[in-house]
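To keep things clear, I will list the structure first and then write my remarks on it.
The values are calculated or read from the model by the stated rules, or taken from the named source; none is laboratory data. Just so you know, these numbers come straight off a predicted model, no measurement behind them. With ideal geometry, Cβ positions are generated from the backbone for all residues, glycine too; neighbour counts draw on all protein chains shown. These area figures cover heavy atoms from the full protein model, side chains too; ligands, DNA and RNA do not enter into them. Shrake-Rupley method; radii C 1.70, N 1.55, O 1.52, S 1.80 Å.
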Amino acid sequence: MSRSKDKVIRPKPSEQNVKSAIKMVIEKRLSIRKAAKEFHVSKSLIGRYVKLNKEKENVEVVYHPLNAVKRVFSDEEEEQLVEYSLKASKLHYGICKDDFLKLTFEYAVILKKTYPSAWDTNKKAGKTFYEYFIKRHQNLSLRKPEATSLARATSFNKVNVNLFFNKYKELLLKYNFTSERIYNVDESGMSTVDNPMKVLASKGVKQVGNITSAERGNNVTVIACVNALGNSVPPCMIFPRVHFKSHMINGAPPETLRLATPSGWSNGDKLEDFLNHFIKHVRPNNDNKVLLILDNHESHISIKIIELAKNNGIVMFTFLPHTSHKLQPLDRTVFGPLKKYYNKACNDWLLQHPGTPLTICNVAECFGTAFPLAFTPSNIQNGFKVAGIWPFNDNIFGEDEFLSSYVTNRPYVDANTVTHTRLDVAEIQPNIALPGPSQYANIEQQYDNNQVAIESPAPSTSTGTIDTDKNILMSPEAIRPFPKAPPRMNNTTRNRNGKTRVLTDTPEKEELELLAAKKRSK
């Protein structure tokens, strides 16, 4: 909005009033002065647009707000900046505000745009441009990204997901599992130091504090298990002690399994105890098998655990490593609310016991308050649904969700000859199309057919402005290319745990026994 000398904000005229006033003057039905008075629009604005519309002889009255008149880029060019920013964020290599302003300046220079002289001085676009740009594109905002490990970003790709769903589909068809017979088990940590919630405080204050028990806390591991129908098995709590004491479990959910280890973490022996706990409450058998989906942690891959599961009608099926954040129902919709309600319960406990630190003996009480609020049928069912496990949906994930793996989707290169082996994953499927920018689609097809040598693919010409004299692609991606890992030398070593598998199948079990025997012999 425009401002007066007295720093009073004047209301901005509506677009309809401005167009009506311009039209009245052009048709000579009103003078500029009378039109300005009747439609509450400044005379200078009407005069400027009357002259503009008369010169262009437009049939329809053209009006743009002042911030649109002084725009540096056209709508198409701004859309390219928006698409580039969104794609960079989906690749998990998002562009920060300062880098965006620098990119904008370089983009304006290449396109030979007219821009404020201050841009040349600072070598980046100005604050005013950024504010108006964000207002024009409401789908953009400055966000604090969640730290994502490289392993997670690269492992969740289309090949890995297809491998998981193909094997899962085979199990559904083989055993005819229904929702009440499909279970997911996972661990989470409950700390004695809670994560404070947002509180009301004075606006403008840079630092707001909230009481916690200590700077660093102790973790109590919780093992939870749910099924696709929305039910849950009584949880297990593992305390960081050599011996379990009965007072540690006060306030925990009914029938909670109570265990202790020196570190407080789960291990093979404790998982075996939980599996017996699971068998006691679910009562599976070889005539009525159940599917237990779990992650690929080393503590889950034990011959004793696999034999116990197989003898009691449990089919153990594992996720691929570093994909559980998308595929595991408990991670998707249950553990998030659980942590939220647990932090609220810890905060309430500290409020009721001022000056007293929260210890592992109080964790069970806070967890017992949070458990029924988080482990609701709707939360559990939604977890299986958004992961595509139940109802079965192997197309639940869109192409955009696989973009984070685009950076390392690369061919293998032999030392002497060019060979192409698909993706950096343990399992290979050559005919699956990779997600990612269009410029890599043709080059990957050529790799599949062994028609070209390894080289960097040329930038896409599907969008952007072409300088026909120099034949240079003018787009944000040409200025700041998306990161792409180079081709790497073929590596014959493989991580044996790096695949999705049915642990209770005889071939898998025999392979694990052979590996265990080799390890003992060493």
Quiz item: Do you know which of the residues in segment 298-320 that are open to solvent by 10 Å² or more (accessible area, probe 1.4 Å) and touching an Asp or Glu at 6+ places or on another chain (Cβ under 8 Å) is modelled with the lowest pLDDT?
Solution: S302
Quiz item: Inside segment 341-358, can you point out the residues that are open to solvent by 70 Å² or more (accessible area, probe 1.4 Å), closer than 16 Å to K198 by Cα and free of Cβ contacts under 8 Å to residues at least 24 places away in the same chain?
Solution: L351
Quiz item: Which members of segment 99-123 meet the condition of being open to solvent by 60 Å² or more (accessible area, probe 1.4 Å) and part of a helix (DSSP H, G or I)?
Solution: K102, E106, V109, I110, S117, D120, T121, N122
Quiz item: Only one of these conditions is not met by V109: (1) free of Cβ contacts under 8 Å to residues at least 60 places away in the same chain; (2) β-branched (V, I, T); (3) in contact with a helix residue (DSSP H, G or I) (Cβ under 7 Å, 6 or more places away or on another chain). Which number is it?
Solution: (3)
Practice problem: Taking the options S179, S188, S149, S155, name whichever one is in contact (Cβ under 8 Å) with a residue 60 or more places away in the chain, touching a His at 6+ places or on another chain (Cβ under 8 Å) and surrounded by 15 or more Cβ atoms within 10 Å (Cβ to Cβ). | Solution: S155
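Taking V161 as the residue in question, decide whether it is of a type outside the set (D, E) and assigned to a loop (DSSP other than H, G, I, E, B).
When the stated conditions are applied, V161 does not pass them.
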Quiz item: Which is out of contact with any strand residue (DSSP E or B) (no Cβ under 8 Å at 6 or more places or on another chain), open to solvent by less than 20 Å² (accessible area, probe 1.4 Å) and not acidic (D, E), of L142, L81?
Solution: L81
Quiz item: How many residues are β-branched (V, I, T), in a helix (DSSP H, G or I) and either within 16 Å of the chain's Cα centre (by Cα) or surrounded by fewer than 20 Cβ atoms within 10 Å (Cβ to Cβ) (or both) if we restrict to segment 321-340?
Solution: 1
Self-check item: Close pairs (8 angstrom Cβ cut-off, 6 or more residues apart or separate chains): over 19 Å from L257 (Cα atoms) and open to solvent by less than 30 Å² (accessible area, probe 1.4 Å) in segment 273-290, assigned to a helix (DSSP H, G or I) and hydrophobic (A, V, I, L, M, F, W, C) anywhere
Solution: V290/V282
Self-check item: Hits in segment 228-261 - residues which are over 15 Å from F375 (Cβ atoms), hydroxyl-bearing (S, T, Y) and open to solvent by less than 50 Å² (accessible area, probe 1.4 Å)
Solution: T261
